[in-house]
Amino acid sequence: MTLSIYNEKRNFAETSEPEGKVVETGKALRFVVQKHNASQLHYDFRLELDGVLLSWAVPKGPSLDPKVKRLAMQVEDHPVDYIDFEGTIPEGNYGAGEVIVWDTGTYHAHGIENMEESIKALHEGLEKGDLKFQLHGKKLNGSFVLVRIKNRFSKKEGDTTWLLIKHKDEFVSDEDILKDNTSVLSDRKL
Ligand code: MN
């Protein structure tokens, strides 16, 4: 895993975002969903794996309704330190705009609590383009899947296009979870 693309895109003399370093995994894998008011408002969905945060930009944000499929564009890996980043990325910088931590918590591969086995299953899921996992967050809980879709126009682009879908379980809801728009770290809103 490398954070070179992340580092190349940013000027750390200007932005308060953390500089990218690969770190060791702790007792549990973590996730974060950041709400980011860039040129287009979106949610950044990030899963810790192999010392970095795998990252997807989800324009419409997550849903708890299994009938709803949310487009998720995979973007460059982010450093694990990004997990509690909130603040304003200054004008003229990559991703300029405000960021809040909309949700955070731990996660593991679907049905697998054991760390080693979970990591193995997550790698297999990424490879297949069918990543099933369970979130233990403050707002998001239960089973979700990220499914890679084939883009019929461009092979290259197809590799980065995924859908984020809630799986059926006790956490399913047709309430709009995004109405809860406060940071889970600071009570900030965008
Ligand atoms: Mn973003």
State whether one or more residues within the range 41-50 are under 14 Å from the mean Cα position of the chain (by Cα) and either over 20 Å from Phe133 (Cβ atoms) or open to solvent by 50 Å² or more (accessible area, probe 1.4 Å) (or both). yes
What is the number of the single condition among (1) buried (at least 20 other Cβ atoms within 10 Å of the Cβ); (2) more than 14 Å from the ligand (Cβ to nearest atom); (3) of a type in the set (D, E, K, R) that Glu127 does not meet? (1)
Going through Gly95, Gly111, Gly125 one at a time, which residue ends up being in a helix (DSSP H, G or I) and not β-branched (Val, Ile, Thr)? Gly125
Going through the range 97-120 in order, the residues found to be under 18 Å from the mean Cα position of the chain (by Cα), surrounded by fewer than 20 Cβ atoms within 10 Å (Cβ to Cβ) and over 17 Å from Trp56 (Cβ atoms) are Gly97, Glu98, Thr106, His110, Ile119
Looking at the structure I just gave you, is Asp65 more than 15 Å from the ligand (Cβ to nearest atom), part of a helix (DSSP H, G or I) and in contact (Cβ under 8 Å) with a residue 40 or more places away in the chain? no
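Residue-wise test of (1) crowded, with 17+ Cβ neighbours inside 10 Å; (2) within 16 Å of the chain's Cα centre (by Cα).
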residue	(1), (2)
Ser4	no, no
Asn7	no, no
Lys27	no, no
Gln34	yes, yes
Asn37	no, yes
Leu53	yes, yes
Trp56	yes, yes
Arg70	yes, yes
Asp77	yes, yes
Provide a single number: the residues in the range 9-25 that are in a loop (DSSP other than H, G, I, E, B), within 16 Å of the ligand (Cβ to nearest atom) and open to solvent by 70 Å² or more (accessible area, probe 1.4 Å). 1
Residue that is farthest from Gly87 (Cα to Cα) [pool: residues in the range 33-53 that are away from the ligand (no atom under 14 Å from the Cβ) and in contact with a Leu (Cβ under 7 Å, 6 or more places away or on another chain)]: Leu49
Take the residues in the range 73-89 that are of a type in the set (Val, Ile, Thr) and in a strand (DSSP E or B); name whichever of them is farthest from the ligand (Cβ to nearest atom). Thr88
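The values are calculated or read from the model by the stated rules, or taken from the named source; none is laboratory data. Because the structure is a prediction, the values reported are computed rather than measured. Ideal geometry is used to build each Cβ from the backbone, glycine not excepted, and the neighbour counts take in all protein chains shown. Surface areas here come from the heavy atoms of the whole protein model, side chains and all, with no ligands, DNA or RNA. Shrake-Rupley method; radii C 1.70, N 1.55, O 1.52, S 1.80 Å.
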